[in-house]
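Below is one structure, written out as structure tokens; comments come after it.
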Amino acid sequence: MRPFAELHVHLEGTFEVEQFVDIARRNGVTPPSWDVDELRSRYAFDDLQSFLDLYYENLGALRTEEDFHDLAAAYLKRAALAGVRHTEMFFDPQTHLGNGIPLEVVFAGFGAAVDEARRDLGLSADLILCFLRDLGGDAAVETLRAAMPFRDRFVGVGLDSTEVGYPPALYAEAFGIARSEGLRRVAHAGEEGGPENVRDALDLLHVERIDHGNRALEDPDLVARLRDERIPLTVCPLSNLALKTAPPDLADHPLRRMLDEGLLVTLNSDDPAYFGGYHDDNVRAVTEALALTDSELDLLARNSFEASFLGETDRARFLAEIPGVPGPLEAG
Ligand code: ADE
Ligand code: ZN
């Protein structure tokens, strides 16, 4: 199986309905229904905000270290089955803090699942702490300071939640602190917001990858910059269909143009429990809809490791498994 890194997945977006019901039951939380089909029938979205409203509502069921462990462990097991060999997983600590859950509980649960995945599944996994845009810049700074005692548990910071109305400039201080602490930096931009958010995330937040970035295609100068500076875009095709941030037919997905423009694009699942598919489902769907060739799939696999925050030794080890990349013997 071709190895892939997954670089854009929200652990909170891997909360499957069945697991939601189990965890709600054991925590004495009453869900809107105990029927999984009825709960799943609510998974039809008009836009990003209508999804986020349900996503945050469901997260109220998470209370204990075991809950956070079980959520991450289920995703990691599924990702390994999908052929993912390295994953960089977003999480939203502010949501859990808002629900009265201390950071210690969140880090302990997610951290234990990461350690187990490395040990038992041979899956390399790292955490990226995301700031919620709609809570503002001061809250982002406060959250980062509160998370610094757990600095060894996360490799970087990201920016997610409602994009429109919350431009990158608001989070410059938080990202500046993250940079000075040696944390890696990514941001959602150009998902619903315009290309100016992509440019400002690069210039004001000094991000190293753009999450989504679809709307960057509206600006030819920006496209040239992304290509020339080899800035990765973490693209999420099934998410774009579910949230109507791409045309309704996957055959018209901007991934085709991004590849043709020579951009460093990667394939990802975003919130797989909500959008109908994990990493392998996304790969399968775009392979079919866009008639991706084997060499394009090899390129997407290579891009995923090139865009990752892995150290050079691990990156080279994974790249050597993908056709088109010289192995250690051929390289010299
Ligand atoms: N949080 C979880 N999924 C998200 C997405 N697709 N965009 C912005 N914030 C998110
Ligand atoms: Zn996302």
Sorted peptide list for 196-205, 242-251, 162-171, 39-48, criterion being average Cβ within 10 angstrom, highest first: 196-205, 162-171, 242-251, 39-48
Whenever you get a sec, line up Glu261, Glu173 from highest to lowest accessible area (probe 1.4 Å, protein heavy atoms). Glu173, Glu261
What accessible area per residue comes out for the stretch 211-332, rounded to a whole number of Å², with a 1.4 Å probe? 41 Å²
With Rg and the Kirkwood Rh both taken from Cα atoms, where does Rg over Rh land for the chain? 0.94
Can you run the Rg to Rh ratio on the stretch 205-285? Use alpha carbon positions and the Kirkwood inverse-distance Rh. 0.96
Enter the Cα centre distance for the pair the stretch 242-271 and the stretch 128-162, rounded to the nearest angstrom. 27 Å
Along the dipole axis of the stretch 6-164 (charges at Cβ: +1 for Lys and Arg, -1 for Asp and Glu; origin at the Cα centre), the most positive-end residue among Ala24, Val105, Ser124 is Ser124
Using a Gaussian network for the chain with springs between C-alpha atoms less than 10 Å apart, which of these wobbles most: Ser50, Ser33, Ser239? Ser33
Determine the order of Ser295, Ser308 by accessible area, beginning with the largest, at a probe radius of 1.4 Å. Ser295, Ser308
The stretch 218-303, relative contact order in percent, only Cα pairs under 8 angstrom and at least six apart counted: 31 percent
Please report, as a whole percent, how much of the solvent-accessible surface of the stretch 4-308 comes from carbon and sulfur atoms (probe radius 1.4 Å). 49 percent
Would you kindly state how much longer the chain becomes between Ala169 and Arg317 on full extension, computed as 0.36 nm times their sequence separation minus their alpha carbon distance, in nm to one decimal? 49.5 nm
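The values are calculated or read from the model by the stated rules, or taken from the named source; none is laboratory data. Just so we're clear, the structure is a prediction, and the values are computed from it rather than from any experiment. Here the Cβ is made from the backbone with ideal geometry for all residues, glycine too, and neighbour counts use every protein chain on show. Protein only, heavy atoms only, side chains kept; ligands, DNA and RNA dropped before computing areas. Shrake-Rupley method; radii C 1.70, N 1.55, O 1.52, S 1.80 Å.
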